Amino acid sequence: MKKIIIAIDGHSSTGKSTLAKQLAEALDYIYVDSGAMYRAVTLYALEQGFISDKKFDTDALISNIENVNIEFKKEGNNPTVLFLNNKEVSSKIRGMEVSNLVSKVAALPLVRQCLVKEQRKMGQHKGIVMDGRDIGTVVFPDAALKIFMTASAQTRTQRRFDELTAKGEQVDFDEVYENITSRDHKDSTRADSPLTQAKDARVLDNSQLTQNEQFDLVMEWVNTILEQ
Ligand code: CDP
């Protein structure tokens, strides 16, 4: 059976990981959340005291980057439990503290080089769905299917706000809106691997689509490619 690489890029909180997980499960592919890797590096830098809302010691982070060990492990039904230096951090990386600093960390070329190298290794045998910001443009420019996801900022904020409050985190709607729109801006305007739509990407605006409608549409694209 032919195996392909599916690259999903797009703005913050567009539901990339939900779609990616559904596809990986249906196709029995590996799923990799590249954003979680940037979030893990950010958490590491926070925990080491290299960064905070007042301080950003790039040199300290860069010189310690080899000490960051990121692993995805399967636990029960969840294929993407994230471990940072052998500690489970899947929930911690989603909090506002990490969200507010991750785009600064992700703009560092050396951090990107290290993570992109890991991501390419994970995709060497294909049969992978990876989501992020530069997957179709930089990590896997030859991916057979590239999807660029977007939705209105209001819709995305509501989704992320609901997700965080469901987890019991105390958040303010305006703070989430500010985080999402400022990350969009930083991610799209940075010098190294900015978020842009690959020329051959299919745009998926899911403001008006349910998760099932979106999944069915993308599975049609996948099947057409697999039949070629
Ligand atoms: O969950 P959400 O869509 O809000 O973001 P994420 O996918 O967890 O990514 C968090 C941040 O990591 C992004 O805002 C980017 O700054 C960075 N990132 C990146 O630079 N390149 C990637 N391939 C994935 C994420």
Using label points projected 7 Å from each Cα along Cα→Cβ, tell me how many nm separate Glu178 and Glu71, to one decimal.
-> 3.9 nm
Compute the convex hull volume of the Cα atoms of the chain, divide it by the residue count, and report the result per residue in Å³ as a whole number.
-> 126 Å³
Given a cut-off of under 8 Å on Cα pairs at least six residues apart, what relative contact order in percent is computed for region 5-227?
-> 33 percent
Over the chain, with neighbouring protein chains present, the accessible area per residue in Å² at probe 1.4 Å is 50 Å²
Carbon and sulfur: what percent of the chain's accessible surface (1.4 Å probe)?
-> 47 percent
Fully extended, how many nm does the chain gain between Leu110 and Glu25 (0.36 nm per residue separation, minus their Cα-Cα distance)?
-> 27.4 nm
Region 81-180: proportion of alpha-carbon pairs further apart than 20 angstrom, % | 53 percent
With Leu82 itself left out, Lys, Arg at +1 and Asp, Glu at -1 over residues whose Cβ is under 11 Å from its Cβ give +1
Expressed as an acute angle from 0 to 90° and rounded to the nearest 10, what is the orientation of the C-alpha long axis of helix 16-27 relative to the principal long axis of the chain?
-> 40 degrees
By its C-alpha gyration tensor, with a ≥ b ≥ c as the square roots of the eigenvalues, how is region 131-188 shaped: rounded for a/c under 1.5, else prolate for a/b larger than b/c, else oblate?
-> prolate
Mind pulling the angle between the C-alpha long axis of helix 34-47 and the longest principal axis of the chain? Nearest 10 degrees, somewhere in 0 to 90.
-> 10 degrees
Mind ranking 65-71, 54-60 by how tightly packed they are, going by the mean number of other C-beta atoms within 10 angstrom, highest first?
-> 65-71, 54-60
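Which order, highest average first, do 150-161, 216-227, 172-183 follow once you tally other Cβ atoms within 10 Å for each residue and take the mean per peptide?
Result, highest mean first: 150-161, 172-183, 216-227.
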The FRET efficiency for Thr210 and Lys117, from their Cβ-Cβ distance with R0 = 35 Å and rounded to 0.05, is 0.40
Going highest first, how would you order 194-202, 101-109 by mean Cβ packing within 10 Å?
-> 101-109, 194-202
Distance-filtered residues of region 81-109 - backbone nitrogen under 18 Å, label point 7 angstrom along Thr165 Cα→Cβ | 95-96
Note: Asp142 to Glu220 extended length (0.36 nm per residue) minus current alpha-carbon separation gives 26.1 nm
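The values are calculated or read from the model by the stated rules, or taken from the named source; none is laboratory data. The structure presented is a predicted model; accordingly, all values stated were derived computationally and were not measured. When we count neighbours, we look across all protein chains shown, and the Cβ atoms used for this are built from the backbone with ideal geometry, even at glycine. Quick note on the areas: whole protein, heavy atoms, side chains included, nothing else; ligands and nucleic acids left out. Shrake-Rupley method; radii C 1.70, N 1.55, O 1.52, S 1.80 Å.
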